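In what follows, a single structure is set out as structure tokens and then discussed.
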Amino acid sequence: MFIKKKLRKRRYFIIDRKLNRYINEKCVSNIQFSRNNFVIINSEVIYSIDLKNILLEEFDGYHFESCDNEGRIYVSKDIPLPEDKQYLIFSPFREHLLYGCININKEIIIPCEYKRLNHFDAQGVAEAKKGSKVGMINTLNRIVIPFEYQSFYGAFDENGLAIVSKRIKGNTKYMFIDRENKVHGVFVEPTFRLHEKEFYLYTNDGLYGFAKQFGRNYSGAIYKDIRVIDEKTIEVSTDGTRYQTITY
């Protein structure tokens, strides 16, 4: 006979150098730090650094999600569904919540109008989802990458490239795009397996390139031909006649 144990929700408390507690640990379920603001968040309240002031509470109409290093607080809001879509309220994916972000003065930075909103990166761009598509917006809520993709696979890398998927003529294509939404390569393989350590080939303007492990180590589409020997070995050629062997 198995006895189901009740999982204890993790709680936190803060102490000073003399081990004085500043808040009852039962009051805090999540602690987050930011560069400009230190906030303590639980499911209902955001506290100030000295714990003397409640900066925001759920009576303001927001559900708190997270904060970032710039002091932005990411929130969600219950948005009434259209009458013809009321059935979605039973969805396990929280379809009735829309996301945005505010600051500690309750000023709206991004309205709660997105089905998902990631943190803004160092360039002030964040992935967002609207309807069934994803794109990117800036901190002024202007569209930077159109909402035309199925998924983004990670943030922009050091080369300023990100991998996205898009439905084209009934098929899912995976590709590299830059911050201006220019395509730098479309993957040749029809499927894309996450975290597999093998070579993936892509093409752009009639030339080929390769990437490792779900798009890492982007080399540019600079080869006239690439021959796959096995999962760990390829041969590349810039002229189509002389080949160089590359191993994983």
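Values quoted throughout were computed directly from the atomic coordinates according to the rules given, and no laboratory measurement underlies them. Everything quoted here is computed from the prediction, not taken from an experiment. Note that we place each Cβ from the backbone using ideal geometry, even for glycine, and neighbour counts take in every protein chain shown.
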*Want the number for Thr172 to Asn138: 0.36 nm per residue separation, take away the alpha-carbon distance, what's left?*
9.6 nm
_Distance violations [Cα-Cα > 29 Å] among Lys129/Lys232; Lys173/Lys197; Lys130/Lys169; Lys77/Lys197; Lys130/Lys173_ = Lys129/Lys232; Lys77/Lys197
*asked:* If amide hydrogens are placed 1.01 Å from N in the peptide plane, which non-local residues have theirs closer than 5 Å to the one on Gly71?
replied: Arg35, Asn36, Asn37
*asked:* What are the ³J(HN,Hα) couplings of the stretch 199-207, residue after residue, when phi is run through the Karplus curve with 6.51, -1.76, 1.60 and θ = phi - 60°? Round to Hz, x for glycine and proline.
replied: 7, 10, 9, 9, 10, 7, 6, x, 10
*What FRET efficiency do you get for Gln32 and Thr241 if R0 is 41 Å and r is their Cβ-Cβ distance, rounded to the nearest 0.05?*
0.10
